[in-house]
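Novice: Structure incoming, see below.
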Amino acid sequence: MDEKWDFHVRRRSGTEFTATFPDSQSLETFSKFTGLDLALFSLKVKISKPNVDPAASSVLQSTWIKINGIPNFAKEEDIIKEIASLVA
């Protein structure tokens with residue numbers, strides 16, 4: 001691993017951070033460890049694969065919306081998707 005690699009560490013919450021690994025193999029290797037001791041700071045860390053892009057500034061949350069007044073002829077999945085896309 002390149003010692004000059006910038007991991008772009010970002011805080012997600014009080015105890016969670018994201019980091020960018022230089023390659024997928026490094027992430028794969030470190031995520032298999034049960035934990036790592038960082039002796040310099042007396043910290044124990046666990047590395048796991050993210051379910052979001054670490055470069056993203058925020059995560060969009062799913063939500064339910066209710067649409068009223070749709071005519072019967074428009075109650076088809078494709079049409080509803082188009083209507084819902086206007087909200088997003």
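Read-outs throughout are calculated quantities, based only on the coordinates presented, and are distinct from any laboratory measurement. Not measured: the values here are computed from a predicted model. Virtual Cβ from ideal backbone geometry, glycine too; neighbours counted across all protein chains shown.
Novice: Can you pull the one-decimal nm distance between simple spin-label points at D78 and F7, each 7 Å off the Cα toward Cβ?
Specialist: Here the answer is 4.9 nm between the modelled labels.
Novice: Quick check: residue separation of V87 and S62 times 0.36 nm, minus the Cα distance between them. What number comes out in nm?
Specialist: Separation in residues times 0.36 nm, less the Cα-Cα distance, equals 7.7 nm.
Novice: Moving on to the next point. Answer with a single label: of (1) 14.7; (2) 17.2; (3) 15.1, which was calculated as Kirkwood radius over Cα pairs in Å from the structure in view?
Specialist: (2)
Novice: Run the helix sum for the chain: -39,500 (n - 2.57) per DSSP H stretch of 4+ residues, divided by residue count, reported at 222 nm to the nearest 500 deg cm²/dmol.
Specialist: Calculated at 222 nm, the ellipticity per residue is -6000 deg cm²/dmol.
Novice: Of the lysine pairs in the chain, how many meet both conditions: Cα atoms under 28 Å apart, and a spacing of 8 or more in sequence or different chains?
Specialist: So the count of such lysine pairs works out to 9.
Novice: Which loop-located trypsin sites (Lys or Arg not before Pro) does the range 1-66 contain, where loop means any DSSP state but H, G, I, E or B and the Cβ has at most 11 other Cβ atoms within 10 Å?
Specialist: Here the trypsin sites (Lys or Arg not before Pro) that fit, given the DSSP loop and packing criteria, are K4, K32, K46, K66.
Novice: Using Cα atoms only, what is the angle between the long axis of helix 77-87 and the major principal axis of the chain, expressed in degrees (0 to 90) to the nearest 10?
Specialist: Once rounded, the angle reads 70 degrees.
Novice: Evaluate the distance, in nm, between pseudo-label points positioned 7 Å from the Cα of N51 and of A19 along their respective Cα→Cβ axes.
Specialist: Label-label distance for N51 and A19, simple model: 2.2 nm.
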